[in-house]
Ligand SMILES: [Zn+2]
(Lines give C-alpha, C1' and ligand atoms only; values in the text may rest on other atoms or scores of the structure.)
Protein backbone atom coordinates (compact mmCIF):
# COMPACT_ATOMS: atom_id res chain seq x y z
CA UNK A 1 0.00 0.00 0.00
CA UNK A 2 1.34 3.46 -0.87
CA UNK A 3 2.05 5.71 2.07
CA UNK A 4 0.99 8.79 0.11
CA UNK A 5 -2.51 7.50 -0.39
CA UNK A 6 -3.28 6.85 3.25
CA UNK A 7 -4.49 10.36 4.14
CA UNK A 8 -6.74 10.40 1.13
CA UNK A 9 -8.02 6.95 1.94
CA UNK A 10 -8.79 8.03 5.49
CA UNK A 11 -10.47 11.20 4.27
CA UNK A 12 -12.64 9.33 1.81
CA UNK A 13 -13.45 6.75 4.46
CA UNK A 14 -14.58 9.49 6.88
CA UNK A 15 -16.58 11.33 4.25
CA UNK A 16 -20.29 10.73 4.46
CA UNK A 17 -20.09 9.33 7.94
CA UNK A 18 -21.97 10.53 10.95
CA UNK A 19 -19.09 11.85 13.08
CA UNK A 20 -19.78 13.04 16.60
CA UNK A 21 -23.11 14.34 17.77
CA UNK A 22 -24.69 14.91 21.18
CA UNK A 23 -25.69 11.28 21.62
CA UNK A 24 -22.23 9.91 20.76
CA UNK A 25 -20.56 12.51 22.98
CA UNK A 26 -22.82 11.60 25.87
CA UNK A 27 -22.25 7.86 25.36
CA UNK A 28 -18.47 8.40 25.35
CA UNK A 29 -18.62 10.56 28.49
CA UNK A 30 -20.68 7.92 30.31
CA UNK A 31 -18.33 5.15 29.10
CA UNK A 32 -15.34 7.17 30.28
CA UNK A 33 -16.89 7.73 33.71
CA UNK A 34 -17.60 3.99 33.97
CA UNK A 35 -14.00 3.17 33.02
CA UNK A 36 -12.71 5.52 35.73
CA UNK A 37 -15.15 4.16 38.32
CA UNK A 38 -14.15 0.66 37.30
CA UNK A 39 -10.51 1.34 38.17
CA UNK A 40 -11.69 1.32 41.77
CA UNK A 41 -14.62 -1.07 41.59
CA UNK A 42 -13.09 -3.66 39.21
CA UNK A 43 -16.42 -5.02 38.16
CA UNK A 44 -16.80 -7.31 35.15
CA UNK A 45 -20.30 -5.94 34.53
CA UNK A 46 -18.95 -2.37 34.34
CA UNK A 47 -16.18 -3.52 31.99
CA UNK A 48 -18.75 -5.06 29.67
CA UNK A 49 -21.11 -2.06 29.83
CA UNK A 50 -18.35 0.47 29.15
CA UNK A 51 -17.03 -1.73 26.32
CA UNK A 52 -20.47 -1.94 24.73
CA UNK A 53 -20.94 1.84 25.07
CA UNK A 54 -17.60 2.57 23.39
CA UNK A 55 -18.38 0.16 20.54
CA UNK A 56 -21.82 1.75 20.16
CA UNK A 57 -20.33 5.26 20.05
CA UNK A 58 -17.77 4.16 17.44
CA UNK A 59 -20.52 2.50 15.44
CA UNK A 60 -22.59 5.71 15.48
CA UNK A 61 -19.61 7.93 14.54
CA UNK A 62 -18.58 5.76 11.61
CA UNK A 63 -22.08 4.91 10.46
CA UNK A 64 -23.08 5.83 6.92
CA UNK A 65 -26.78 5.65 7.64
CA UNK A 66 -26.97 9.36 8.43
CA UNK A 67 -30.73 9.51 8.47
CA UNK A 68 -31.12 6.81 11.13
CA UNK A 69 -28.35 8.33 13.25
CA UNK A 70 -29.93 11.79 12.95
CA UNK A 71 -33.26 10.37 14.08
CA UNK A 72 -31.65 8.72 17.11
CA UNK A 73 -29.87 11.94 18.00
CA UNK A 74 -33.12 13.89 17.53
CA UNK A 75 -34.95 11.62 19.99
CA UNK A 76 -32.03 11.90 22.39
CA UNK A 77 -31.70 15.71 22.28
CA UNK A 78 -35.48 16.02 22.66
CA UNK A 79 -35.22 13.79 25.73
CA UNK A 80 -32.37 15.67 27.38
CA UNK A 81 -33.85 19.10 26.45
CA UNK A 82 -32.31 21.85 28.61
CA UNK A 83 -29.20 19.76 29.35
CA UNK A 84 -28.20 19.96 25.69
CA UNK A 85 -26.02 23.12 25.85
CA UNK A 86 -24.05 21.50 28.67
CA UNK A 87 -23.07 18.68 26.33
CA UNK A 88 -22.28 20.98 23.43
CA UNK A 89 -20.20 23.55 25.24
CA UNK A 90 -20.03 23.21 29.04
CA UNK A 91 -17.99 26.41 29.54
CA UNK A 92 -20.44 28.51 27.59
CA UNK A 93 -23.40 26.86 29.30
CA UNK A 94 -21.87 27.67 32.69
CA UNK A 95 -21.52 31.35 31.72
CA UNK A 96 -25.11 31.39 30.47
CA UNK A 97 -26.42 29.84 33.67
CA UNK A 98 -24.68 32.55 35.70
CA UNK A 99 -25.79 35.48 33.56
CA UNK A 100 -29.33 34.41 32.73
CA UNK A 101 -32.29 32.80 34.32
CA UNK A 102 -34.63 30.59 32.35
CA UNK A 103 -38.31 31.03 33.00
CA UNK A 104 -41.31 29.28 31.60
CA UNK A 105 -44.23 31.23 30.19
CA UNK A 106 -47.28 30.39 32.35
CA UNK A 107 -49.51 30.67 29.27
CA UNK A 108 -47.81 28.63 26.55
CA UNK A 109 -44.83 27.01 28.30
CA UNK A 110 -42.28 28.76 26.08
CA UNK A 111 -38.86 29.05 27.70
CA UNK A 112 -37.85 32.68 28.22
CA UNK A 113 -34.35 33.82 29.05
CA UNK A 114 -33.95 36.87 31.32
CA UNK A 115 -30.81 38.51 32.74
CA UNK A 116 -30.13 37.69 36.38
CA UNK A 117 -29.93 40.15 39.25
CA UNK A 118 -32.44 42.76 38.07
CA UNK A 119 -34.88 42.21 40.93
CA UNK A 120 -38.56 42.07 40.10
CA UNK A 121 -39.14 42.32 36.39
CA UNK A 122 -41.99 42.13 33.93
CA UNK A 123 -41.37 39.56 31.26
CA UNK A 124 -43.04 39.40 27.88
CA UNK A 125 -43.27 35.99 26.26
CA UNK A 126 -41.82 36.14 22.74
CA UNK A 127 -44.23 33.47 21.54
CA UNK A 128 -47.66 34.46 22.85
CA UNK A 129 -46.94 38.04 24.08
CA UNK A 130 -48.27 37.17 27.54
CA UNK A 131 -46.79 39.46 30.21
CA UNK A 132 -45.90 38.08 33.62
CA UNK A 133 -43.92 39.15 36.67
CA UNK A 134 -40.84 37.31 37.81
CA UNK A 135 -37.81 37.67 40.06
CA UNK A 136 -34.54 37.62 38.22
ZN1 LIG B 1 -46.10 32.35 26.14
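Given the structure, is residue 88 out of contact with any helix residue (DSSP H, G or I) (no Cβ under 6 Å at 6 or more places or on another chain) and in contact (Cβ under 8 Å) with a residue 60 or more places away in the chain? Here the answer is yes, as residue 88 does meet what is asked.
Looking at region 79-112, which of its residues are within 14 Å of the ligand (Cβ to nearest atom) and within 30 Å of residue 28 (Cα to Cα)?
Restricting attention to region 79-112, the residues satisfying the condition of being within 14 Å of the ligand (Cβ to nearest atom) are 102-112.
Those that are within 14 Å of the ligand (Cβ to nearest atom) and within 30 Å of residue 28 (Cα to Cα): 102, 111.
Among the residues of region 36-71, the ones that are part of a helix (DSSP H, G or I) and in contact with a helix residue (DSSP H, G or I) (Cβ under 7 Å, 6 or more places away or on another chain) come to 13 in all.
Can you name the residue in region 57-73 that is surrounded by 14 or more Cβ atoms within 10 Å (Cβ to Cβ) and under 16 Å from the mean Cα position of the chain (by Cα) and is also nearest to residue 27 (Cα to Cα) among such residues? Checked region 57-73; the qualifying residue nearest to residue 27 (Cα to Cα) is 57. Here is the figure for region 113-134: residues that are within 9 Å of the ligand (Cβ to nearest atom) and outside any strand (DSSP E or B) total 6.
If residue 76 meets every condition in (1) surrounded by fewer than 15 Cβ atoms within 10 Å (Cβ to Cβ); (2) within 16 Å of the chain's Cα centre (by Cα); (3) farther than 30 Å from residue 136 by Cα apart from one, which number is that one? So residue 76 meets the others, but not (1).
Please work out if residue 39 is loosely packed, with under 11 Cβ neighbours inside 10 Å, farther than 26 Å from residue 111 by Cα and at pLDDT 90 or above. Walk me through how you get there before you give the answer.
Working: loosely packed, with under 11 Cβ neighbours inside 10 Å: yes; farther than 26 Å from residue 111 by Cα: yes; at pLDDT 90 or above: yes.
Yes.
The values are calculated or read from the model by the stated rules, or taken from the named source; none is laboratory data. A quick note: this is a predicted structure, and the numbers were derived from the prediction, not measured. In this analysis, Cβ positions are derived from the backbone assuming ideal geometry, glycine residues included, and neighbour counts consider all displayed protein chains.
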